[in-house]
Every structure is written in structure tokens, then in C-alpha cells.
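The block underneath contains the structure these notes are about, expressed in C-alpha cells.
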Amino acid sequence: MNDLVHLRRTLHQQPEVGLDLPRTQATIIAALQGLDLEISTGEGLSSVTAVLRGGSPGPVVLLRSDMDALPVVEATGLDFASTNGAMHACGHDLHMAGLVGAARMLAARREELPGTVVFMFQPGEEGFAGGRLMLEEGVLEAAGERPVAAYAVHVDCVTPGGQAVTRPGPMMASASALKVRVAGTGGHAAFPHHAVDPVPVAAEIVLAVQSFAARRLPVSDPAVLSVTRLRSDSVASNVLAGSVELEVNIRALSRETLTSVRKQLPLLLTAIGEAHGCTVETEFIESYPVTVNDPDETAHVLAVLDEIYGDQVVRLPFPGMASEDFAYVLEQVPGTLVFLGVGPADGASGPMHSDTATFDDSRLEEHAALLVELAWRRLTR
């Protein structure tokens, strides 16, 4: 336990953002030394894949941790806080330490293990699609045969300590974006009738985006649309803009709803622009897919969680609208994502991704043991 806490805090002090994480990668490899694992690293990203072969033949199970931090300046005041302008504000430092702990536990009982475990340490979860890149580089073939199941445990600093949270089916939303450019003609602010001003048109588009989901999509299969960027090319207060650019973040829980948004929203925004004499250009950018927990695997996972956590197991009634690139793995391998509550005992944590997010790392041993239990039960099923 002390080793895992030390590892987590070391990783917390040296956060790296994106796909290139050389210090983080080196720290993970050093922590896995001596376990007799087959370790390989990525070519296009700083990933680590480690294969543990058990003492007798059996199937393959994959356990995954993400590795990257966020471009957030930490304000927790912890004595091991980051000072380099990045922060593990989503708990990926705990994920790495927990997966290292799981590797150590399973390696210690290797001879009893019927099968193989692949440990997937993945950079670039925070918007860089590192999971998809690792799939393209062959992580699912690392053991010589594809996994029959895949599991990940994600910590949550606002969920009370000791709660385990999951659900079968859609667990987290897809993430996409629509870039929009509204073009007018610009002109003098004193004579707007001599120009085609795109700013009020963009304002009308923002309002249309806000009401789109409520009037175009079924409440049983919702989406969340948010305008997250908005800027004009005006250079002075007395100059009407020639164009306005905005970006819409799109969260959906099904391919059908995402397809509806992708087809209908650009048509609506283009029509608004044309009604005011502006041209509207749109570009759809698809990112993470829906994170879908396999119903059969999740039934087995919930049975394990009930046995361990009892009434502290929370079965989510609805999916969350955040996204996760473990979704790429779950598109190809049946499995489950579980959230583990590691909120500090005093409740004094900011939300996930905030500069004051704090996590109770005294639960790292539990985190590691849960990963081990899920893998062990699946291999001995």
C-alpha cells in the first residue's frame, strides 16, 4: 500500500498531457520491473502494454488504465501538488498506480492463474483518442489471442469513498463537435444597413442550438448540445464583423441520435443564415463513441460488486453525458467500466477536471484488488 501511494504521488507531481508522456512511461516501466511481464511500448504514443501469462492455459482478459493529465494549473495546496502547469485532475495517476498494484498482485499468484492478463496503460484519453491508437497498434493482439473481456476502474472524487458505480448498456455518451462559420460582409458599425452583419445571425444560431435537442430529439434517447466557442473577426468596436466562428459540443447516447443531429443541425443553421443573407459553413468532427457496458459481462461484474460492496453498489438509472475512450475497447471486446468513489473523507474536493480536485489515495489497495478480482473471476468462470 505504501508503495502504491508513493507511486501515485510521484506520478501526480510529474503530469504530462496528450500522447507523448516519456516520464510517465518510464515511471510505469520501472514500477513493473521484476514481475516477469512481456512489456512493449507504443510507436506513435508513449503507451505501455504488459502481458502476464498464468501457470495454466486459459482465456485472455484486458485491464486498462489511462495515463495523461489535463492542462490545468493545480490549486489543491497538497504537498505533492504539480507545479508544471498540468494536473492529474481526472485521477489518472490513481488509475496507473492501481493497475500497477493489480499487476503485482496477479504476478504473485501467477501459478494459480488459468489464463493471461494484458495490462493496457494508455496515453491521450483526454481528447486525443489514445485508446483508438493503441487498438490500431495491436494491443488486442499483444497476448497472441484477443481478450474475451476488458475492464477498467475509473475513480471519482465527488462520489463518496467506498461506492462502486456502474450500469449495463450505455454508460457514457459519445463526444462530437460541429464547427460553424457564419459569413456576412462586414462594414461600419454606424451603418449596419449597408452591410450584412453576421453577429446577430450567430446569436440566433446559438439560440437555435440550445432548443434543438428539446424539439428535434426524443426524450428517451437524449443529447446535450452546448456552444463552447464563439468569436468574430472584428478588429475594433466600430467595425462590423465579416464572419463569426462558433463550435457546438455534441453528446449523444446512441448512433441513431448522433446521426439525426449530424444531418438536421447543419440544415437548420444554414437555413437561419440564408434567411439573413449570410452563408453558413459547417464541419462535423466525430470523436469518442458511446461507452457501452456489455450486458452479460456487467451482470457478472455487478454480482462481484454486490459481494464486495453490498449496499454501496450504485446501479446508475441513466448514463452520464461525459465521454471515455475506453469506449473504443468496448466496441471490440465485451467488458465493463466501473466508477469507484474515492472522494476525500471531509468532502472537500472540487469537481473532476477542476484545479481543486482531490482524491483519497488510501483506497489504492482496494482499487488494485478490485481489478484483480474482476480479472480472476473472469478467467476462472
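Ignoring ligands, DNA and RNA, what accessible area per residue does the stretch 212-292 give at 1.4 Å, in Å²?
Averaged over the residues of the stretch 212-292, the accessible area is 56 Å².
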Ignoring any ligand, DNA or RNA, what whole percent of the accessible area of the chain comes from carbon and sulfur when the probe is 1.4 angstrom?
52
Over the stretch 116-211, with neighbouring protein chains present, the accessible area per residue in Å² at probe 1.4 Å is 35
Counting only the heavy atoms of the protein chains, how much of T228 is accessible to a 1.4 Å probe, in Å² to the nearest 10?
80
Output ³J(HN,Hα) for the stretch 268-284: one whole-Hz value per residue in order, computed from phi by the Karplus curve 6.51 cos²θ - 1.76 cosθ + 1.60 with θ = phi - 60°, and x for Gly and Pro.
5, 5, 5, 5, 4, x, 5, 5, 10, x, 9, 9, 10, 10, 10, 9, 8
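For the stretch 285-381, report the convex hull volume of the alpha-carbon atoms normalised per residue, in Å³, without decimals.
Per residue, the Cα convex hull of the stretch 285-381 comes to 132 Å³.
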Classify the stretch 71-212 as rounded, prolate or oblate from the Cα gyration tensor: take a ≥ b ≥ c as the square roots of its eigenvalues, call it rounded if a/c is under 1.5, otherwise prolate when a/b beats b/c and oblate if not.
prolate
Binning at 10 Å from 0, report for the chain what percent of all alpha-carbon pair distances ends up in each bin.
5, 22, 28, 22, 13, 7, 3, 0, 0
Would you calculate the volume per residue, in Å³, of the smallest convex hull containing every Cα atom of the stretch 211-356?
179
In order over the stretch 76-89: 3J(HN,Hα) from phi, Karplus 6.51/-1.76/1.60, θ = phi - 60°, whole Hz, x for each Gly or Pro, gives 7, x, 5, 6, 10, 5, 6, 10, 9, x, 10, 7, 7, 8
Using helices alone, I'd like the mean residue ellipticity at 222 nm for the chain: each DSSP H run of four-plus residues gives -39500 (n - 2.57), total over residue count, nearest 500.
-10500 deg cm²/dmol
Per-residue ³J(HN,Hα) for the stretch 49-65, Karplus 6.51 cos²θ - 1.76 cosθ + 1.60, θ = phi - 60°, Hz, x for Gly and Pro
10, 10, 10, 10, 9, x, x, 9, x, x, x, 10, 10, 10, 10, 10, 10
Measuring from centroid to centroid over Cα atoms, what is the spacing of the stretch 23-76 and the stretch 147-211 in Å?
32
Ratio of alpha-carbon Rg to the 2.2 N^0.38 Å globular estimate for the stretch 160-205, to two decimals, please.
2.40
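The values are calculated or read from the model by the stated rules, or taken from the named source; none is laboratory data. What you see is a predicted model; the values in this text were computed from it and never measured. These area figures cover heavy atoms from the full protein model, side chains too; ligands, DNA and RNA do not enter into them. Shrake-Rupley method; radii C 1.70, N 1.55, O 1.52, S 1.80 Å.
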